[in-house]
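Peer 1: One structure coming up, written as structure tokens, with questions to follow.
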Amino acid sequence: MQRAKLVLAQTSVSEKSNEIKAIPTILAALELEGATVTIDAMGCQKDIAAQIILQKADYVLALKDNHRTLADDATLWMNTEYDAGRMTVHETIEKDHGRIETRRYVLSEQLGWLTQSLSGVVCIRWEW
């Protein structure tokens, strides 16, 4: 949708609220079955993931320091997998806004190491 420059749904939040409370409302307004929902790190919440699953969709949620223990575990696991050569890395380099941005992406569905039961894919911002 980004390339098409489309917005599927939008809502404003009050000063005493935030997007964590607005995301479930937006999700409920959309037919998600079979879709992949992507949300930034603020939306990396168990209740939001559960709602996406209930709506029969998959998700990619960014994980940063907002979940410190899980982020630490994920970083350790990804470093180990990368060092062992068990991950493929995709890299993009773009010049934008007067700077060069290098992004590296890795994907793994091998999430058995998670101590929590998660269904879907966790996208972890990983820098090395």
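Peer 1: Among the numbered conditions (1) over 30 Å from Gln110 (Cα atoms); (2) assigned to a helix (DSSP H, G or I); (3) among the polar types (S, T, N, Q), tell me where Ser12 comes up short.
Peer 2: (2)
Peer 1: Filter the range 50-86 down to residues that are touching a helix residue (DSSP H, G or I) at 6+ places or on another chain (Cβ under 7 Å), assigned to a helix (DSSP H, G or I) and of a type in the set (S, T, N, Q), then give me how many there are.
Peer 2: Let us first name the residues in the range 50-86 that are touching a helix residue (DSSP H, G or I) at 6+ places or on another chain (Cβ under 7 Å), namely 51-52, 55, 59, 61-66, 71.
Adding the requirement that they be assigned to a helix (DSSP H, G or I) leaves 51-52, 65-66, 71.
With of a type in the set (S, T, N, Q) added as a condition, the list becomes 51, 66.
Matching residues across the range 50-86 total 2.
Peer 1: Okay, moving on. Tell me, which residue of the range 57-70 that is modelled with pLDDT under 80 and of a type in the set (A, V, I, L, M) is farthest from Ala35 (Cα to Cα)?
Peer 2: So, considering only residues that are modelled with pLDDT under 80 and of a type in the set (A, V, I, L, M), the one farthest from Ala35 (Cα to Cα) is Leu70.
Peer 1: Taking the options Leu114, Leu107, Leu76, name whichever one is of a type in the set (A, V, I, L, M, F, W, C), surrounded by fewer than 16 Cβ atoms within 10 Å (Cβ to Cβ) and modelled with pLDDT of 80 or more.
Peer 2: On the way: Leu114 fails: modelled with pLDDT of 80 or more; Leu107 fails: modelled with pLDDT of 80 or more.
After ruling out the rest, the residue left standing is Leu76.
Peer 1: Looking at the range 52-66, which of the residues that are open to solvent by 60 Å² or more (accessible area, probe 1.4 Å) and without any contact (Cβ under 8 Å) to a residue 60 or more places away in the chain is farthest from Ser108 (Cα to Cα)? I'd like the intermediate steps shown before the answer.
Peer 2: Within the range 52-66, the first condition is being open to solvent by 60 Å² or more (accessible area, probe 1.4 Å), and the residues that meet it are 53-54, 56, 58, 64-66.
Then keep just the ones that are without any contact (Cβ under 8 Å) to a residue 60 or more places away in the chain; that gives 54, 56, 65-66.
Working: Leu54: 23, Lys56: 21, Asp65: 20, Asn66: 21 Å.
This residue is Leu54.
The values are calculated or read from the model by the stated rules, or taken from the named source; none is laboratory data. Here the structure is a predicted model, which is why all the values come from computation and not from measurement. Ideal geometry is used to build each Cβ from the backbone, glycine not excepted, and the neighbour counts take in all protein chains shown. Surface accessibility is based on the protein's heavy atoms, side chains included, excluding ligands, DNA and RNA. Shrake-Rupley method; radii C 1.70, N 1.55, O 1.52, S 1.80 Å.
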